[in-house]
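Everything below concerns the one structure shown next.
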Amino acid sequence: MKKHTFLLRTFFLVCFVSATSLVAFSQGVIKGRVYNSLTNEPVSYAAVFLQNTSFGGFTDSLGRFEVNGIPAGLYNVEVRYTGYKAEVVYEVQVTNSKPYILEIPLKEDDNAIDSVNIVASPFKQSAESPLSLRTIGTNEIQRNPGGNRDISRVVQSLPGVASTPSFRNDILIRGGGPNENRFYIDGIETPNINHFATQGAAGGPVGLLNVDFIGEVDFYSGAFPANRGNALSSVFEFRERAARDDRLGFTATVGASDLALTAEGPVSENSSFMFSARRSYLQFLFKLLGLPFLPTYNDFQFKSKTNWGSRHELTVIGLGAIDQFSLNLDADSTPSQKYFLKNLPVQTQWNYTVGANYKYFGDNGFWNVILSRNMINYRAYKYLDNNESGTKLQDYTSQESENKLRVEYTGKVGGFRLNYGVNYELARYVNDTYLQLPFGVETFNSRLLLSKYGGFGQLSRSWLDERLRLSVGTRMDGNSFSTKMAQPWRTLSPRFSASYFFNSQLSWNFNTGIFYQLPPYTVLGYRDANGTLVNKDIDYIRTSHVVTGLAFVSPKNLKLSVEGYYKKYDQYPFLLPDSISLANLGGDFGAIGNGTATSTSQGRTYGLEVLVQQRLFKGFYGILAYTLGWSEFQDKHGKYIPSSWDSRHIINVTAGKKWKGNWETGFRWRFTTGQPFTPANESLSSLITVWDSRQREVPDYNRLNSQRLNNFHQLDVRVDKRWYFKSWSLNLYLDIQNSYNNAIPGPPYYTAVFDENDNPVVSPTDPTRYQMQYLENSLGILQPTLGIIVQY
């Protein structure tokens, strides 16, 4: 408690000293370009103004604009021009340490005089994805209470997104698992956005993306565009912001668990760059707290953008991470510490994504040619009693690499908006496994080379003076893994969307579609001791979506929506050794899917989502999200039971207010029904042969997800104070997660009893077993953070 009091006093002391000893300057600049979204032609003499202020102006003949003398703060920027749909860029953070650069594409309006389209809104809605689409701005990510500037945590404020009281930030969308999501940065696919990722899934405890790069995020929880394949639950589109164009600048950040430095600036008149590096200090905090594991992570991010005239544009991105998970062997005084030290392996992981997106603008549309490569390396090993000269329990090395090419066209013909293209991918998977089992050793080496290919198309149009919007699309995918999978017509994925606007504010929306996803490489590449691929009959995972709802958007940046959804899963991998669907796994560290599997698992998720969201309006913003949902998968008897991600009731309330003097306060309260878990198999876990090889309990899958955690709730609060000086700015923030320190019992650990020499005690009644005990597992802790952001 004294530490928390000290942090509070330090925060307000620094605020007072800074406020009384420095003179702040408070004028900034918003500048940029307005252009036709399909042809890149400049939109000349368009009106650009800041909502609810007197600031604004017009673009010049080249579509450029500059608004000067703006007091520092947050603003919504609106752009209007006859013949185009009005566009709003919300929550632009103005400082005088650097200009804010905006590149604003406008869409042509075929019915510009119709009243339905007069209201400009910060809430996106397209014909292809009329619902289940949320847009998140960089300021929403940065200021989100309890979010730690991590997009995976920020999306937990939205409907349909489940959260857990643990320290992981797995993305669980509408009852789906953490392996069902796909991520794109400036159109380039990035398989992983978390440190210490689980192989075969995508979750982890810490986000990999530096929020200083992000301009805007589109989050699809359904109605995926046809050009985005291999997803079952969600698609994330990250658009990185434009770099400053006046001089070299820097941003330094001290956050909850890392230090970050970002550099950006112009390279030439037509090109710019951004680069960042982050280093964690989490390992030092964990050691001070006496935790038995010490995570260390580093990441790097890069972007460059170059324009040649008005026709050619090239964006190059890079993203990489180095993660190390070591053991704190000095933390071995309590039963819980001993438990973790005995079963946690030493882990290292590194990954990267590099890619280029070349865009060519024609007279009626543009081409994208996207080339990228991503790779991830996993290594984990474990020795009995952590003695590396003793008995080896596990030695696991695996690599996944993908080389991708996608070519697509987006344009407009005869009132129709169309998008079509093809994609090709060459993937390589390597796995070297040594695993001590209760009755022997499993060893196998796997090498798998896979060609993947696909094609897609989507057609959209509006009728009845834009009141009715329809979109139809499809895609097909195939690969060289098997004769069955090589037939792309087997994965025909039609989708259909419709919207009808009763007036300029109220609309009905509908979407349905079939989506396919390739099982993880751990399933595809699993081999027996003879080197034979075991799962040769595995197939694509299939899900069908049906979503409908109503949306109301007011001119005061307020949105109310109600959506109902139903998802039907088929052909999910069913792991035969454990008799469990892969859909129930992925929320832990390590790897999932290494085993014999069949494409026989079925599941379903369904529910109702309610959203009330107030974008920035007169200094206030807020979100109220409620989800009622069910997630069920069949067990080994074919009976539907709750999945590991079944959160029946989810409530999130987020609100904030900007005050005079550049103060900002916010809070987030969240409630979730406790998720199911599988208890330990006491009889099997206590066997000496089993415990000596695993050093941890064996789940009792005969009682799969038969128990639930208690309901959980927590309150996160945040206070920001900003100062704006002549050429730099300072932001101090205090973020307190779980401010009233709520905690619930987690799944208990089932472990052997150890004597004073740290040896497991044999049961006096059965010499084939150890004496066992349950250890408490508490979920939910108070986490205060004092953060500093300096921008020059």
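The values are calculated or read from the model by the stated rules, or taken from the named source; none is laboratory data. Please read these numbers as outputs of a predicted model, since none were measured by experiment. So basically every Cβ, Gly included, is an ideal-geometry build from the backbone, and we count neighbours across all protein chains shown. Surface accessibility is based on the protein's heavy atoms, side chains included, excluding ligands, DNA and RNA. Shrake-Rupley method; radii C 1.70, N 1.55, O 1.52, S 1.80 Å.
Brief remarks on what is shown
- Karplus-derived 3J(HN,Hα), 6.51/-1.76/1.60, for each residue of the stretch 552-562, Hz, glycine and proline x: 10, 10, 9, x, 9, 6, 10, 10, 10, 9, 10
- In the complete set of protein chains, residue-level accessible area for Asp385 is approximately 90 Å², probe 1.4 angstrom.
- Once the 1.4 Å probe is applied to the protein heavy atoms, the chain comes out at 40 Å² accessible per residue.
- Hz values of 3J(HN,Hα) by residue in the stretch 311-321 - Karplus curve (6.51, -1.76, 1.60), Gly and Pro given as x: 9, 10, 9, 10, 10, 10, 10, x, 8, x, 8
- Efficiency of FRET from Cβ geometry, Leu248 and Phe300, R₀ 25 Å, rounded to 0.05: 0.85
- Alpha-carbon spread of the chain, three principal axes, descending order, Å: 87, 68, 46
- About the Cα centre, charge dipole magnitude for the stretch 137-295 (Lys/Arg +1, Asp/Glu -1 at Cβ), debye: 540 debye
- Distance between the stretch 355-384 and the stretch 553-590 - C-alpha centres, whole angstrom: 25 Å
- Using a probe of 1.4 Å, the accessible surface attributed to Thr253 totals some 10 Å² when neighbouring protein chains are kept in position.
- Split the accessible area of the chain by element, probe 1.4 Å, and carbon with sulfur accounts for 59%.
- Pairwise Cα distances in the stretch 486-642 exceed 21 Å for 60 percent of all pairs.
- The 3J(HN,Hα) values that the Karplus relation (6.51, -1.76, 1.60; θ = phi - 60°) gives for the stretch 350-359 are, in residue order, 9, 7, 8, 9, 10, x, 10, 10, 9, 10 Hz. Gly and Pro appear as x.
- With the simple spin-label model, which puts each label point 7 Å out from Cα in the Cβ direction, the Asp528 to Thr334 separation comes to 4.7 nm.
- In this structure, the amide hydrogen of Asn328, modeled 1.01 Å from its nitrogen in the peptide plane, lies closer than 5 angstrom to those of Phe293, Leu294, counting only residues at least 5 positions away or on a different chain.
- The stretch 606-655-the stretch 270-284 distance, computed between alpha-carbon centres (Å): 33 Å
- Between Arg648 and Thr673, the built amide H atoms are under 5 Å apart, and every one of these is 5 or more places off in sequence or on another chain.
- Range of Cα positions in the stretch 682-792 per principal axis (Å), largest first: 77, 33, 22
- Note on Asp588 and Val790: the extension gain reaches 69.2 nm, defined as 0.36 nm multiplied by sequence separation minus the Cα-Cα distance.
- Helical mean residue ellipticity (222 nm; -39500 (n - 2.57) per DSSP H run of 4+; nearest 500) of the chain: -2000 deg cm²/dmol
- Amide H partners (placed H, <5 Å) of Val753, local residues excluded: Val761, Gln771, Met772, Gln773
- Toward the positive end of the charge dipole of the chain, with +1 on the Cβ of Lys and Arg and -1 on the Cβ of Asp and Glu, the farthest Cα among Gly787, Phe712, Leu533 is that of Gly787.
- Angle of helix 2-21 to the longest C-alpha principal axis of the chain, folded into 0 to 90 degrees and rounded to 10: 20°.
- Estimated inter-spin distance, Ser579 and Glu682, nm [label 7 Å along Cα→Cβ]: 2.0 nm
- Once you reduce the stretch 693-744 and the stretch 405-462 to the center of their Cα atoms, the two points are 33 Å from each other.
- Pairwise label distance in nanometres, Glu41 with Ser554, each label 7 Å out on the Cα-Cβ vector: 4.0 nm
- Heavy-atom accessible area ranking, 1.4 Å probe, most first, across Arg495, Arg708, Arg527: Arg708, Arg527, Arg495
- Relative frequency of Cα-Cα separations exceeding 25 Å in the stretch 373-473, percent: 54 percent
- Between Arg64 and Lys124, the FRET efficiency from the beta-carbon distance, with R0 = 25 Å, is close to 0.50.
- Modelled FRET efficiency - R0 60 Å, Thr443 with Ser54, Cβ distances, 0.05 increments: 0.25
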